[in-house]
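K.L.:
One structure coming up, written as structure tokens, with questions to follow.
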Amino acid sequence: MEVIHKIGRRKTAVARVYLSEGDGKITVNKKELEVYFPTATLQYKVKQAFSLTNTEDVYNVNVNVFGGGITGQAEAIRLALSRALCEVDAENRSILKPEGLLTRDPRMVERKKFGQKKARKKFQFSKR
């Protein structure tokens with residue numbers, strides 16, 4: 001199996017995933033997964049596609065991720081991994097699609113408007 005390259009995005013985070021056969025080692029920006037994502041919730045989000053398809057410890061994953069915060073980065077990696085697993089085996093699509101792992105989340109931060117404090121919040125109004 002050659003190396004499979006896929007891209008996942010979430011908010012402003014962009015993750016490039018390189019999937020190859022191996023022993024289940026996940027490297028994010030040249031660091032171990034447990035070092036880069038210290039909380040169990042974020043580690044679960046990254047490994048969710050593997051646990052659903054029962055392919056833990058089958059593939060080595062090398063990830064380059066930048067932009068956004070750690071949660072957005074974890075979800076971008078999850079999307080890219082799901083796309084890569086679908087390319088490996090078409091059967092995985094029927095498992096991952098109902099869980100929503102193949103859907104690109106379109107929600108972005110709304111821009112701030114002029115004459116306002118934030119995107120929707122206004123300056124305090126004084127009638128008199």
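Throughout, read-outs are computed from the coordinates displayed, never taken from laboratory work. Here the structure is a predicted model, which means the values were calculated and not measured. Neighbour counts run over all protein chains shown; Cβ positions are idealised from the backbone, glycine included.
K.L.:
How long are the three semi-axes of the equivalent ellipsoid for the chain, computed from the Cα gyration tensor as the root of 5 times each eigenvalue, in whole Å, largest first? Let's see the in-between values first.
P.N.:
Numbers: eigenvalues 256, 50, 29 Å².
After diagonalising the Cα gyration tensor, the semi-axes are 36, 16, 12 Å.
K.L.:
Next question, about the same structure. Listed highest first by mean packing, meaning other Cβ atoms within 10 Å per residue, what order do 13-22, 76-85 come in?
P.N.:
76-85, 13-22
K.L.:
Compute the acute angle (0 to 90°) between the alpha-carbon long axis of helix 40-53 and the principal axis of greatest extent of the alpha-carbon atoms of the chain; round to the nearest 10°.
P.N.:
50
K.L.:
Quick check: net charge around Arg16, other residues with Cβ under 11 Å of its Cβ, Lys/Arg +1 and Asp/Glu -1? Walk me through the intermediate numbers first.
P.N.:
Numbers: positive: Lys6, Arg9; negative: none.
Here the count lands on +2.
K.L.:
Separate question: Can you work out the FRET efficiency for the pair Asp23 and Arg120, with r the C-beta to C-beta distance and R0 = 41 Å, to the nearest 0.05? Don't jump to the answer; show the numbers that get you there.
P.N.:
Values: r = 49 Å, r/R0 = 1.19.
So, using R0 = 41 Å, E works out to roughly 0.25.
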